[in-house]
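Here the structure is laid out as structure tokens; the discussion comes afterwards.
The values are calculated or read from the model by the stated rules, or taken from the named source; none is laboratory data. All values derive from a computational prediction rather than experimental measurement. Here the Cβ positions follow ideal geometry from the backbone for every residue, glycine too, while neighbour counts run over all protein chains shown.
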Amino acid sequence: MEMICAIAELESNRQPLAMGCDKKTNLITIGIMQVAPKVAEWIVREEDYLLFPVEEDPDILYKPFVNVYFGAAYLRWLSNFDGKIRTEEFVVRAYSGGTKKVNHKSTLPYWKRYLQVKECYLSRKQFDGPSPIEAPTFPTSPVSPSKGFDLYWDSRVSSEDMEHMWNHLDVFKEWIKSKEIRGKVRFSCNKEKKPYLSRVELRAIAEIIVSKYFSTRGINPTVLCALADVVSMRFIDGNETSTGLMGIDYSTAFWLYKEMGYRAYRVDYIEDLTNPFVSMYFGAAYLAWLSEYEGRERSLQFIFHAYISGPKNVHLEETCPKWLKFEQILARYERTKRKIEFAR
């Protein structure tokens with residue numbers, strides 16, 4: 001994140017409408033990170049970054065979200081140039097002058113200025129709290145104005161997933177009791193009209209997602225339910241600090257989708273994460289990744305703390321009220337599960 005901010009500062013002084021031109025090559029660069037349209041088109045064509053149609057409309061590079069998207073994509077490509085893990089200095093100097101001038105004296109002043117600017121951002125960051133979930137960062141998704149604000153299941157969830165819900169015995173009983181009808185199932189709402197899931201609905205989604213996509217990963221659906229209760233209190237839009245049912249932000253979901261191969265659901269817009277199935281899917285994917293963090297089998301306590309604060313901020317020796325709350329909620333879900341299994 002600091003790298004992107006520092007480079008944006010150096011390239012354009014954070015000016016979204018900035019435009020530059022290399023006098024020797026006549027290469028035009030655009031926007032807050034001074035991305036060349038030709039480079040952006042190459043990234044789309046060769047690296048499969050398909051979120052924005054830059055080939056059809058190069059002027060979208062003036063939009064900060066789009067420009068940072070391609071700037072970050074180019075930085076990521078440079079970080080593994082020629083199949084080798086590259087240093088920060090290599091990446092920054094290559095961004096400035098190209099890979100052939102990484103060791104040339106012409107890119108050295110840029111590197112030194114970068115270090116100074118980056119230090120300023122790091123000094124600011126010490127006053128900020130950790131993000132709810134730590135994972136490789138990626139630009140925030142643009143907002144889709146037509147999605148994410150409906151109070152009906154069928155307007156957010158696919159017909160296939162709705163069919164799975166209707167086929168879930170406990171959900172079927174609950175929805176019939178509340179006189180829901182196919183095609184127009186209402187979310188429960190609190191006094192402020194914020195939609196949330198019942199515990200029956202939450203458990204059903206967790207069970208469906210695990211059985212369809214994570215049956216071999218040893219993920220317990222009740223753990224996902226308890227996490228959702230702690231992170232979002234089962235509100236499908238999330239809360240003030242996190243997005244969606246499972247608190248997965250767009251950057252984490254996109255990283256899981258793009259880099260880790262979890263592609264059962266698309267995440268084109270941040271509002272996609274207010275679909276409870278999408279949020280549950282990427283929450284389960286992140287849980288699976290954390291369970292084997294750094295190649296080691298991790299305890300549930302580690303996974304919980306890493307999910308909440310990031311894997312680098314785990315301190316198991318400290319007492320955490322959220323962990324105690326999680327244990328209590330998890331025990332309640334486990335008791336409910338046993339009662340249901342016994343009744344059947």
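If I go through region 182-229 residue by residue, how many of them are part of a strand (DSSP E or B) and either crowded, with 21+ Cβ neighbours inside 10 Å or of a type outside the set (Phe, Trp, Tyr) (or both)? First the steps, then the outcome.
As a first pass, look at region 182-229 and keep what is part of a strand (DSSP E or B): 184, 186, 188-189, 195-196.
Of the ones still in play, those that are also either crowded, with 21+ Cβ neighbours inside 10 Å or of a type outside the set (Phe, Trp, Tyr) (or both) are 184, 186, 188-189, 195.
Matching residues across region 182-229 total 5.
Check ALA253, ALA264 and return the single one that is surrounded by fewer than 20 Cβ atoms within 10 Å (Cβ to Cβ), closer than 18 Å to LEU224 by Cβ and not acidic (Asp, Glu).
Of the residues listed, the single one that is surrounded by fewer than 20 Cβ atoms within 10 Å (Cβ to Cβ), closer than 18 Å to LEU224 by Cβ and not acidic (Asp, Glu) is ALA264.
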Given the structure, is LEU245 of a type outside the set (Gly, Ala, Ser) and not in a loop (DSSP other than H, G, I, E, B)? no
Which condition does GLY244 not pass, out of (1) at pLDDT below 90; (2) closer than 22 Å to SER158 by Cα, if it passes all the others? (1)
Whichever residue in region 233-250 is under 19 Å from GLU192 (Cβ atoms) and charged (D, E, K, R) and, among such residues, is surrounded by the fewest Cβ atoms within 10 Å (Cβ to Cβ): GLU240
Right, TRP289: touching a Pro at 6+ places or on another chain (Cβ under 7 Å), in the same structural domain as VAL200 (by TED's automatic domain parsing), hydrophobic (A, V, I, L, M, F, W, C) and within 25 Å of ASN80 (Cα to Cα) or not? no
Output the number of the condition that MET162 fails; it satisfies all remaining conditions of (1) touching a Cys at 6+ places or on another chain (Cβ under 8 Å); (2) modelled with pLDDT of 95 or more. (1)
Taking region 167-181 and keeping only residues that are free of Cβ contacts under 8 Å to residues at least 24 places away in the same chain, part of a loop (DSSP other than H, G, I, E, B) and either within 29 Å of the chain's Cα centre (by Cα) or more than 19 Å from ILE205 (Cβ to Cβ) (or both), one is left with LYS179
Being within 20 Å of PHE254 (Cα to Cα) and of a type in the set (Asp, Glu) is the filter; apply it to region 42-70 and report the residue that is modelled with the lowest pLDDT. ASP48
Of everything in region 269-298, what is surrounded by fewer than 18 Cβ atoms within 10 Å (Cβ to Cβ) and either assigned to a helix (DSSP H, G or I) or touching a residue at least 12 places away in the same chain (Cβ under 8 Å) (or both)? Give them in sequence order. TYR293, GLU294, GLY295
